[in-house]
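What follows is one structure encoded as structure tokens, with my remarks underneath.
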Amino acid sequence: MNFIEELTWRGMIHDMMPGVGEMLEKKMGVGYVGIDPTADSLHIGHLVGVMMLKHFQRCGHKPIALVGGATGMIGDPSGKSQERNLLSEETLRHNQESIKQQLSRFLDFDSDAPNAAELVNNYDWMKEISFLAFIRDIGKHITVNYMMAKDSVKKRLNSEASEGMSFTEFTYQLVQGYDFLYLYQHKNCTLQMGGSDQWGNITTGTELIRRKTDGEAFALTCPLITKADGGKFGKTESGNVWLDRRYTSPYKFYQFWLNVSDADAEKYVKIFTFLSQEEIALLTQQQQEAPHLRPLQKALAREVTIMVHSEEDYVSAVEASNILFGNSTSDQLKKLDEETLLAVFDGVPQFEVSHSVFTEGIKAIDLLVEKCPVFPSKGEMRKLVAGGGIAINKEKLMDSERLFVTNDLLNNQYLLVQKGKKNYYLLLVK
RNA sequence: GGGCAGUUACCAGAGUGGCCAAAUGGGGCAGACUGUAAAUCUGCUGGCGACGCCUACGGUGGUUCGAAUCCAUCACUGCCCA
């Protein structure tokens with residue numbers, strides 16, 4: 001199965017320029033995806049682009065990951081109704097380094113194969129260019145009329161936008177277009193991929209290549225990942241879902257995928273895993289027969305957690321989930337030995353508190369708001385207690401004034417706080 | 001430089017002298033039902049020692065018994081003209 005066929009059945013093609021398939025049939029293609037280094041870790045929103053590159057490489061083509069050190073300094077106006085904050089060069093440098101390391105987990109950069117992946121940073125070639133040279137050699141080839149016709153620009157220019165658009169952001173598409181031109185000339189790269197919001201920026205690149213070198217280059221975009229209920233993909237109550245375990249623990253990561261709704265599960269399995277068409281068809285069928293077992297979500301969570309983290313992380317995430325979401329009771333919880341307990345709660349937010357406060361007893365509300373900031377305010381906690389939303393050691397807390405003493409601790413040193421069904425906090429008593 | 005419009009809670013957005021911790025919608029959190037899903041229904045959504053107090057409607061100063069609301073001034077944003 002070739003690259004285009006593969007992406008097509010996975011539902012990963014939103015739009016592409018005619019001729020991409022033919023071009024890739026003839027020879028080994030070189031294609032790239034750009035990544036903005038806005039943080040020092042990728043999040044799952046970036047994963048789609050990474051998956052495209054992986055498929056690209058698997059099909060024998062050469063993927064290039066472009067870290068946007070230069071473009072990151074400008075900020076892409078696509079999909080943004082507001083002007084971006086600029087990042088400092090220092091921050092960007094740091095972010096680029098971290099991102100490089102993450103990417104090397106997914107793509108093969110080191111082999112001697114002709115299609116080994118490559119990592120480039122557009123800052124490396126942009127930094128040398130003078131403004132004058134840029135507007136003379138590049139700007140001359142693209143008209144403002146052309147640039148204004150782009151959706152991303154039009155949206156910001158109509159008077160309903162709450163903010164204007166700076167020249168800096170307006171220039172963005174040209175800078176990105178130049179990246180493509182540069183890669184076309186220096187790396188023989190003839191394909192740029194990205195999310196569907198990138199279509200405008202990418203075609204500015206192909207246009208530039210055509211006008212300046214009379215060459216041919218292509219654009220291919222994948223659909224923006226959405227959720228069936230219209231919410232933003234990749235966000236949880238605590239923000240982005242990151243690939244870096246320092247920001248999103250493997251447990252949380254696993255839980256994110258497990259919690260995907262039925263309506264989205266099949267779509268995500270196709271995009272974020274390498275499971276075959278047959279395997280997915282089977283899972284989908286099982287899902288229909290026994291939806292409560294959630295075979296699709298489980299497979300999705302397994303594959304992605306293993307890919308991003310590791311087999312061991314996956315196993316412990318499952319174990320933790322079974323204990324937290326199984327029907328375990330307070331008694332069962334007390335029987336757990338310390339090692340298991342800690343393993344289970346690895347990745348759950350933890351708080352430390354001194355042992356002495358329990359010797360005389362402490363009110364739940366003082367403990368969880370003042371001694372350790374599990375809840376942001378007392379009012380908040382009272383409301384949750386009144387609504388039956390808090391459990392301690394798997395027992396519902398009925399009264400926020402209830403006293404807690406040494407006897408309530410698990411293994412004499414832990415206290416498990418639960419907010420709602422899915423949020424756990426562990427108090428370490430020292 | 002000139003003219004106009006604007007700045008209210010997480011977001012959008014009403015309120016134009018006391019009835020305002022501020023309508024409504026969205027989002028978020030929690031509860032019920034479930035399958036850790038969706039849909040639906042309910043409650044909450046500034047803080048606290050809580051029938052009260054404190055802090056808050058861009059900043060500052062003023063008018064007034066009383067200001068998100070009126071005046072002055074500054075800052076910021078958008079649109080138009082030069």
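Note on A:Leu282 and A:Phe233: the model spin-label points, each 7 Å out from Cα along the C-beta direction, lie 2.6 nm apart. Computed over the alpha-carbon pairs of chain A, the distance histogram in 20 Å steps reads 22, 47, 26, 5, 0 percent, short to long. Around the amide H of A:Phe351, modelled in the peptide plane, lie the amide H atoms of A:Leu426, A:Leu427, A:Leu428, all under 5 Å away and 5 or more residues distant in sequence or on another chain.
Which FRET efficiency, nearest 0.05, do A:Asn188 and A:Lys421 yield, Cβ-Cβ r, R0 51 Å? Here the calculated transfer efficiency is 0.45. Checking the Cα-Cα distances for A:Lys335/A:Lys394; A:Lys227/A:Lys267; A:Lys252/A:Lys334; A:Lys252/A:Lys419 against a 19 Å cut-off, the pairs over it are A:Lys252/A:Lys334.
Per-peptide packing, taken as the mean over residues of other Cβ atoms within 10 Å, places A:251-262, A:280-291, A:189-200 in the sequence A:189-200, A:251-262, A:280-291 from highest down.
For A:Phe404, the amide hydrogen comes within under 5 Å of the amide hydrogens of A:Ile362, A:Lys363, A:Ala364, counting only partners 5 or more places away or on other chains and with H modelled in the peptide plane.
For chain A, the longest principal axis of the Cα atoms and the long axis of helix A:277-289 meet at an angle of about 40 degrees. Shown in residue order for segment A:223-231 are the 3J(HN,Hα) couplings computed by the Karplus curve 6.51 cos²θ - 1.76 cosθ + 1.60 at θ = phi - 60°: x, 5, 6, 10, 10, 4, 8, x, x Hz (x for Gly and Pro).
In plain terms, the bigger the Kirkwood radius, the slower the diffusion; for segment A:235-325, with that radius from Cα pairs, at 10 °C and 1.306 mPa s, Stokes-Einstein puts D at 119 µm²/s.
Roughly how tilted is helix A:89-103, in degrees to the nearest 10 and between 0 and 90, from the longest Cα axis of chain A? Once rounded, the angle reads 80 degrees.
In what order do A:Lys235, A:Lys140 fall by count of nearby beta-carbon atoms within 10 Å, going from fewest to most? Mind dumping the intermediate values first?
Numbers: A:Lys235 15, A:Lys140 11.
Going from least to most buried by this count: A:Lys140, A:Lys235.
A short reminder: the numbers here are calculations on the coordinates, not readings from a lab. Computed from a predicted model, the values in this text were never measured in an experiment. A quick note on method: Cβ atoms are made from the backbone with ideal geometry, for glycine too, and the neighbour counts reach across all protein chains shown.
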